[in-house]
Amino acid sequence: MKNMKKIMAAMLALLMIGSMVACGSANDPTTGNQQQQGGGQKYTLTIWGAEQDQDMLKAMCNAYAAANPQNTYKFLFGVQGENDAADKILNDVTSGPDIYSFPSDQINRLYAGGALARIGGNIETEVKAANTADSIDAATITVNGVDQLMAYPSTGDNCYFVYYDKSVFTNPEDLTSLDRMLDVAEAAGKTVHFKLNDDGWYLSSFFFSNPELKYNVTYNENMVEESVEINYDDPAGMEVMKSLRAYLQRDGLVATTDDSKIIAGFTPNAEGKTTIAAAITGIWNKEKIQEQLGDNMGVCVLPTANIGGQQIQLSGYFGYKLIGVNGYSKNKGEAHKLAQWLTNEQNQILRYETRGFGPTNINAMKLEKIVNDPVINTIFQQAAFNRTQKGVPSQYWTPMGSLITPIITAKENGTEVTDAMLQEYLDALCNQIRKKAE
């Protein structure tokens with residue numbers, strides 16, 4: 001009898017232990033997360049995005065948690081602008097965020113540094129079907145001849161175009177060429193702001209006007225640059241430099257500017273007057289310019305410029321904002337699901353409604369309110385002229401940014417810039433960008 005009682009006590013103890021294990025949690029060895037009763041998981045995910053996007057991202061992530069009630073989520077948010085996302089993440093990629101936003105031209109560096117996890121399976125199929133071909137191309141790298149989707153398209157609007165004051169430009173034809181724009185602005189005692197100095201992104205618009213002027217980067221299997229070719233120092237490039245020299249002599253053109261100066265110039269003074277007639281900038285300044293100009297705000301594509309005696313359409317970069325999953329994330333599977341959610345149709349629409357950003361989702365692009373948005377419509381028109389911002393040489397931005405600084409300095413000093421000097425500037429530019437394979 002005593003033995004029977006001992007056996008029963010032992011059995012009860014085992015049952016109690018078993019019950020405690022079932023009600024408790026167990027570590028999932030594949031994720032490091034805790035498995036909850038009913039098969040759910042506890043996830044901690046870190047998301048980096050721009051400061052202005054923080055409230056929007058939190059709302060999107062909370063909606064994701066609500067759509068997946070079987071799991072428990074802890075979201076950690078970090079403020080990080082896209083422009084220097086790669087620098088920050090690659091500084092310590094293993095401790096970086098699980099998910100982050102970045103511009104399309106950083107994709108090769110991020111891949112080379114192990115900061116991007118490849119997208120595959122059903123998610124890859126769904127993302128490719130949902131977004132435009134150009135945005136998918138921007139999110140894809142080619143390694144040893146194999147295309148690999150490495151990021152989720154988020155927005156398709158990273159370019160520049162013209163904002164203008166309708167009270168100054170009453171004839172739309174005056175906006176078709178930079179020469180006529182400057183004539184009208186100068187006649188009104190105003191200026192046109194175009195950040196050509198200290199910014200190779202904007203300055204490239206003149207060189208991109210000629211499809212023959214280009215660069216080409218050769219990468220190894222790890223997407224590290226092996227060689228870089230560029231032909232801006234060709235005769236066609238000299239025609240561009242002569243054109244820039246002529247335009248920079250115009251009093252109506254302000255080439256050394258920034259967002260704050262543009263907004264200030266569109267802001268009426270105490271007498272209700274503004275100093276800017278038009279400015280070349282992007283969607284990020286839409287709300288502030290609209291606030292100042294109201295119904296007088298107009299937008300249009302870039303004008304033509306007189307290059308080599310002909311009116312040539314100015315072009316530029318068309319960049320995409322992408323969302324990537326860190327290759328070192330401990331929760332890659334769930335991070336991919338969240339990244340897809342953050343960039344799906346409903347959230348691209350929310351991103352437009354919240355920040356005014358243009359979508360890459362095919363269905364979202366067809367919405368009437370988006371199609372009829374004059375800024376988004378202008379961006380779509382501008383995209384037809386532009387080059388996708390991808391595969392840019394790593395040593396491109398700094399020398400391009402300073403290319404025309406000597407011309408501006410010469411104007412301020414009242415000295416001449418000869419053709420020979422222009423060629424020297426181009427030669428120095430290309431020598432800094434070129435790279436020969438070792």
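The values are calculated or read from the model by the stated rules, or taken from the named source; none is laboratory data. Keep in mind it's a predicted model, so treat the numbers as computed, not measured. Neighbour counts are summed over all protein chains in view; Cβ atoms, including those assigned to glycine, are modelled from backbone coordinates with ideal geometry. To get the accessible areas, we keep the full protein, side chains included, count just its heavy atoms, and leave off ligands, DNA and RNA. Shrake-Rupley method; radii C 1.70, N 1.55, O 1.52, S 1.80 Å.
Side notes on the structure shown:
- Dividing the convex hull volume of the alpha-carbon atoms in segment 239-287 by its residue count gives 95 Å³ per residue.
- Between 0 and 90°, nearest 10: helix 121-130 axis offset from the chain longest Cα axis: 40
- Theoretical ellipticity at 222 nm over the chain - DSSP helices of four or more residues, -39500 (n - 2.57) apiece, nearest 500: -12000 deg cm²/dmol
- Each of THR140, ILE119, GLY401 was placed along the dipole of the chain (beta-carbon charges, centred on the mean Cα), and the one lying farthest toward the positive end is ILE119.
- Dipole magnitude of the chain about its Cα centre (Cβ charges: Lys, Arg +1; Asp, Glu -1), debye to nearest 20: 2300
- Between the Cα long axis of helix 2-23 and the first principal axis of the chain there is an angle of about 10°, rounded to the nearest 10.
- Computed on the chain, with alpha-carbon pairs under 8 angstrom and 6+ residues apart, the relative contact order is 23 percent.
- Taking every alpha-carbon pair under 8 Å whose residues sit at least 6 apart, segment 45-121 reaches a relative contact order of 39 percent.
- Label selected from (i) 52, 26, 17; (ii) 38, 25, 18; (iii) 34, 26, 23, the criterion being semi-axes √(5λ) of the Cα gyration tensor in Å as computed here: (i)
- Computed over protein heavy atoms with a 1.4 Å probe, the carbon and sulfur contribution to the accessible area of segment 238-312 reaches 47%.
- Local electrostatic count, ALA138, Cβ distance below 14 Å [Lys/Arg +1, Asp/Glu -1]: -2
- Solvent exposure of the chain amounts to 47 Å² per residue of accessible area, where only protein heavy atoms count and the probe is 1.4 Å.
- The GluC sites (Glu not before Pro) of segment 206-300 that DSSP puts in a loop, and whose beta carbon has at most 12 other beta carbons within 10 Å, are GLU212, GLU221, GLU271.
- Summed side-chain charge close to VAL127 - residues other than VAL127 whose Cβ falls under 15 Å, Lys, Arg +1, Asp, Glu -1: -2
- Based on Cα atoms of segment 319-438, Rg over Rh with Rh as the Kirkwood radius reads 1.16.
- Net charge contributed by nearby residues that have their C-beta within less than 12 Å of MET241 (K/R +1, D/E -1): -4
- Within segment 134-270: Cβ-based charge dipole about Cα centre, in debye rounded to nearest 20 (Lys, Arg +1; Asp, Glu -1): 620
- In a reduced charge model with +1 at each Lys and Arg Cβ and -1 at each Asp and Glu Cβ, segment 37-112 shows a dipole moment near 420 debye about its Cα centre.
- Heavy-atom accessible surface of segment 92-180: percent carbon and sulfur, 1.4 Å: 43
- Rounded if a/c under 1.5, otherwise prolate or oblate - segment 87-157, Cα gyration tensor axes: prolate
- Grouping the Cα pair distances of segment 368-438 into 5 Å bins from zero gives a pair-distance distribution of 3, 12, 14, 13, 12, 12, 12, 10, 6, 4, 1 percent in increasing distance order.
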